[in-house]
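Since the structure comes first, as structure tokens, the remarks are kept for the end.
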Amino acid sequence: MAVEKTGILNKPKLVTVFGGSGFVGRHVVAALAQRGYRVRVAVRRPTLAPYLQPLGNMGQIQAVQANLRYRWSIDRAVRGADHVINLVGILAEGGSQRFNAIQASGARALAEAARAEGIPLTHISAIGADPQSASAYGRTKAEGEKAVRETLPDAIILRPSIIFGPEDSFFNKFANMARFSPFLPLIGGGKTKFQPVYVGDVAEVVARTVDGTLERGKIYELGGPEVMSFRRCMEEMLEVIDRKRVLLPIPWSAAKIIGSVAGLLPKPPLTRDQVLLLQHDNVVSSEAASEGRTFEGIGIRPTGTDVVLPTYLWRFREQGQFTKKGMA
Ligand SMILES: NC(=O)c1ccc[n+]([C@@H]2O[C@H](COP(=O)([O-])OP(=O)(O)OC[C@H]3O[C@@H](n4cnc5c(N)ncnc54)[C@H](OP(=O)(O)O)[C@@H]3O)[C@@H](O)[C@H]2O)c1
């Protein structure tokens, strides 16, 4: 699609992407750059994100310093932009990185900055955002959505299920574990349902919100083509990496204790809050489906795990690109 030009200089739109250095962020930056937009990536440490530059043409992508915990830095990163995207989120707390500061107050501050600048906002939340959630992640995601709604009723909110892709922290984590461990944990017995969604499809939807082809003021729920249990996710991952491992059910009570202890580590592999989040299915709601606030309603056929997992999990095979039966 032709990129909309703005201003007297007739330049392509300038989009500020908060969280552009993260897993989803780099795919969003690439999707925006491919469309010809100018991209300003707001990151805490721009020097640590040099991998973003090759995603665009010379000078098309610019990294600036910003932290959602400092309002002045948000205002500076938003100034002069035509659209702003908030991809900032954390899965575990550490130091001053608290759920409330990032996902609730930070989301509000960014929405206020967008309102002051008079520009549209695309806000990335998550399926599981729920004011009643037992998990602080889920509760603060809901608070963030509410703050965005109150501040900018026209903002578009996207709620993905678990996202997969080359740099994901779900399939990669368990595939890596399978290299060393004879068993893999099935937290809560592995019955929790997910609707894994491909990062490229999420990035495409984000880019369409900038194109202006999605209805404003709506919450879209993004799930892949298949609802899969935690156990099925592990089974499919093991098939792809061509390894046999025991899938060991861990009861919720034990998982909470493991999460409490592991949560004390600097980069925790699991926290109690994540266990609480896992106690609920993570799938697109029937309301969103019936109202067309899904991929189907947007007109995108989402990509399945069967197509994408082999393209990046092969590195966890004993034989690399080859399976035990031969070439993959
Ligand atoms: N991945 C999933 O499966 C999934 C599923 C549902 C929803 N989501 C949501 O999608 C969004 C992106 O997720 P992701 O997987 O890409 O996460 P990610 O890889 O952890 O990236 C998070 C981004 O947030 C930035 N960030 C963290 N704290 C910040 C702060 N105080 N100020 C400014 N930036 C800060 C990080 O930049 P630094 O380099 O500065 O740390 C990073 O760029 C999040 O809102 C997440 O909750 C993800």
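The values are calculated or read from the model by the stated rules, or taken from the named source; none is laboratory data. In this text the structure is predicted, and so the values were computed from the model without any measurement. Every residue, glycine among them, receives a Cβ derived from its backbone with ideal geometry; neighbour counts consider all protein chains shown. Keep in mind that these areas ignore ligands, DNA and RNA; they rest on the heavy atoms of the full protein, side chains included. Shrake-Rupley method; radii C 1.70, N 1.55, O 1.52, S 1.80 Å.
Odds and ends about this structure:
- What the Kirkwood sum gives for the stretch 1-144 is a hydrodynamic radius of 15.5 Å, with every pair of different alpha carbons counted.
- Largest first and in whole Å, the equivalent-ellipsoid semi-axes of the stretch 163-320 read 30, 20, 14, each the square root of five times a Cα gyration tensor eigenvalue.
- Out-of-range pairs (alpha-carbon distance over 24 Å; input LYS146/LYS218; LYS146/LYS193; LYS146/LYS173): LYS146/LYS193; LYS146/LYS173
- Highest-first arrangement of 211-222, 268-279, where packing means the average Cβ count within 10 Å: 268-279, 211-222
- Fraction of accessible area attributable to carbon and sulfur, the stretch 204-257 (%, probe 1.4 Å): 54
- Virtual paramagnetic centre 7 Å along Cα→Cβ of ASP281, amide N under 18 Å, in the stretch 98-127: 127
- Straight-distance candidates among the aspartates and glutamates for linking to LYS324, with alpha-carbon spacing under 12 Å and chain neighbours fewer than 8 residues away dropped: GLU239, ASP242.
- Here the relative contact order of the chain, from alpha carbon pairs under 8 Å that lie six or more residues apart, stands at 16 percent.
- Relative contact order of the stretch 140-216, pairs being alpha-carbon contacts under 8 Å that are 6 or more residues apart, as %: 40
- Which of ARG79, ARG159, ARG231, ARG26 is most accessible, then next, and so on - probe 1.4 Å: ARG79, ARG231, ARG26, ARG159
- Accessible surface calculations at 1.4 Å, restricted to protein heavy atoms, place the chain at 47 Å² per residue.
- P(r) histogram, all alpha-carbon pairs of the chain included - 20 Å bins from 0, percent: 31, 59, 11, 0
- Net charge in the neighbourhood of ILE61 (other residues with Cβ under 11 Å of its Cβ; Lys, Arg +1, Asp, Glu -1) is +3.
- Accessible-area composition of the stretch 22-110, carbon plus sulfur, in percent [1.4 Å probe]: 53
- Each DSSP beta bridge with both residues in the stretch 183-289 is either parallel or antiparallel, and the antiparallel ones are about 25%.
- For the chain, share of DSSP beta bridges that run antiparallel, in % to the nearest 5: 20
- Put simply, the stretch 140-242 fits an ellipsoid with semi-axes of 32, 15, 11 Å; these come from the alpha carbon gyration tensor as the roots of five times its eigenvalues, largest first.
- Take HIS27: with every protein chain present and a 1.4 Å probe, its accessible area is about 40 Å².
- Our helix-only sum for the chain, with -39,500 (n - 2.57) per DSSP H run of n ≥ 4 divided by its residues, gives a mean residue ellipticity at 222 nm of -10500 deg cm²/dmol.
- Relative to its Kirkwood radius, the Cα radius of gyration of the stretch 51-95 gives an Rg/Rh of 1.02.
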